[in-house]
Amino acid sequence: MSACYEDLGNYDYSPINEIAIEGISEEYNVFFSDSFQLSPNLTFTLDPGGEDQNYDYEWFVINKAGVLPAEKKKDLSTEKDLNILVSLTPGKYTLYYRVLDKQSGIQWQQTCDFNVKSNIFEGWLVLNDVAGEARLDMISLINDKDSLIKDVLGFTHSSLELTGKPKGVYTYHYDPNQYGIYVSTTGNGTTKIDPETFGWSTTQHLSYEFISKPSPTILAEYMQNNSSFSCFVYSEGNMYFYLRVMQVFYGVPINIVQGEEEPFEVAPFVGEGGYGNSILYDNTNKRFVQFNFNATNCTLMPEGEKFDFNTGKDLVYMIRSDFNSGEVFAILKDTDSGKHYLGRVTEGTAKQTYYNEMPATDIDQAENFAIDPVFGYIFYNVGSKVYEYDFSLKQSKLMLDYGSSEITCLKFNGSKTDNTKLIVCSYDPAGETGKSGKMELFSVMPVNGPLELYESHEGLAKVVDVAYRER
């Protein structure tokens, strides 16, 4: 048998000050580095005036991605209204707004989705010369449309201030989970910037990637990604090598031949060979040498079938191209006769595929070179004229003439998935400073057909170098 017990307790119930939060949408999409304001409408059941001193406010976000606990929560503000410059790493977040009633100790909360997008997510990085000073622009790809962001470091409020003359910009994956954007100037040396925010700290200087810790502002005059998160760096006549998977960092220069006592002055080019042998050029002894990815120095080349690797000539230009499944192109000059020669070697090996004189129009005056990865055409410019040299015909053909404008950059992009477009950057010295530069991409046609304009970007300055920020 059971029975109910009557509770005769004396209870005094009091109403609480309920807070209603309105004016916050379910979702917000914002861009990194943009300003963002949000002013909720608050109503209080027992406090019609809603004086601020009676309440504490809190704004914060929780990252939805699988990041470390310390990176999950980011505090934004303790003001009633939110007014911030968006500095969150692009991604998806939950935005929290909390209001604490100091008298009752009860906290009220409203949440919404907060998606941070980046207008620097992907696109061309363009390093300019503006009256002798460096400026980094970005042709950003947003919703399948290109948008020019001048002075992208200023736009993103980066702490990196470029000083001195611009030298180069380079991008590559130096780690499976890390993407490197390297900028080089005579004032800053070479440094990385954060690939998501373009933020910067002194520890991003290239010198921090060296075991030997050279000058904090070491300048990489040349960088060339090899494969599997490895890279060559050239500085002041020396070549250095980094290989992440073997934990090999930049250290002692590799430009010394095994068994020899003295290092040689190396040319600022590499015919990279991946996990095979890469090719370097010894300026001191005028010869090609090879470097294996797991070595610390170079070795001599074997005997060649088409030409002597001990050339006795000056190296004018060398690069690895996708042509013919991967070949190293090298342009040499005989200082006695003044003649130029083209040599080609299969990537990763010492197998020679071609060697012949290169009777190209005004080749002795060429300023920049670029190798077409599909047809193997050699593009070069003499002043404002762009020529295409066909090694099969041993003939040059004038492809472009920019008249009074200067050609400041000529290349094929080595890292973008579509690397078949010829990049030509020109500058009108009579135009407005900082705005009279142009970057054009051309499709290369078979059988020496005219170049076809693929896309064009104006409003740049004097372009020194370009690189694509991939995704």
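The values are calculated or read from the model by the stated rules, or taken from the named source; none is laboratory data. Bear in mind the structure is a predicted one, so any value in this text is a computation, not a measurement. Because the Cβ atoms are built from the backbone with ideal geometry, glycine has one as well, and the counts that use them run over all protein chains shown.
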Could you list all residues from the stretch 37-61 that are surrounded by 14 or more Cβ atoms within 10 Å (Cβ to Cβ), out of contact with any Leu (no Cβ under 7 Å at 6 or more places or on another chain) and either in contact (Cβ under 8 Å) with a residue 60 or more places away in the chain or in a strand (DSSP E or B) (or both)?
-> Pro40, Leu42, Phe44, Tyr57, Glu58
Given the structure, is Phe375 among the aromatic types (Phe, Trp, Tyr), farther than 20 Å from Asp364 by Cα and either surrounded by 21 or more Cβ atoms within 10 Å (Cβ to Cβ) or at pLDDT 95 or above (or both)?
-> yes
Is there a residue being of a type in the set (A, V, I, L, M), within 30 Å of Arg471 (Cβ to Cβ) and without any contact (Cβ under 8 Å) to a residue 40 or more places away in the chain anywhere in the stretch 103-121?
-> no
Quick count over the stretch 178-201, residues being at pLDDT 95 or above, of a type in the set (Ser, Thr, Tyr) and over 20 Å from Asp129 (Cα atoms), is 1
Across the stretch 389-411, what is the number of residues that are within 13 Å of Phe375 (Cβ to Cβ) and assigned to a loop (DSSP other than H, G, I, E, B)?
-> 3
Selected residue [among the aliphatic types (A, V, I, L, M), assigned by TED's automatic domain parsing to the domain that holds Phe442, touching a helix residue (DSSP H, G or I) at 6+ places or on another chain (Cβ under 8 Å) and free of Cβ contacts under 8 Å to residues at least 24 places away in the same chain] from Val382, Val374 = Val382
Does the stretch 304-325 contain any residue that is in contact with a His (Cβ under 6 Å, 6 or more places away or on another chain), assigned to a loop (DSSP other than H, G, I, E, B) and buried (at least 17 other Cβ atoms within 10 Å of the Cβ)?
-> no
Taking the stretch 304-355 and keeping residues in contact with a Gly (Cβ under 9 Å, 6 or more places away or on another chain), under 14 Å from Ala366 (Cβ atoms) and free of Cβ contacts under 8 Å to residues at least 24 places away in the same chain leaves Leu332
Taking the stretch 253-299 on its own, how many of its residues are assigned to a strand (DSSP E or B) and either under 24 Å from the mean Cα position of the chain (by Cα) or in contact (Cβ under 8 Å) with a residue 40 or more places away in the chain (or both)?
-> 12
Yes or no: Leu332 outside any loop (DSSP other than H, G, I, E, B), in contact with a His (Cβ under 9 Å, 6 or more places away or on another chain) and under 22 Å from Phe375 (Cβ atoms)?
-> yes
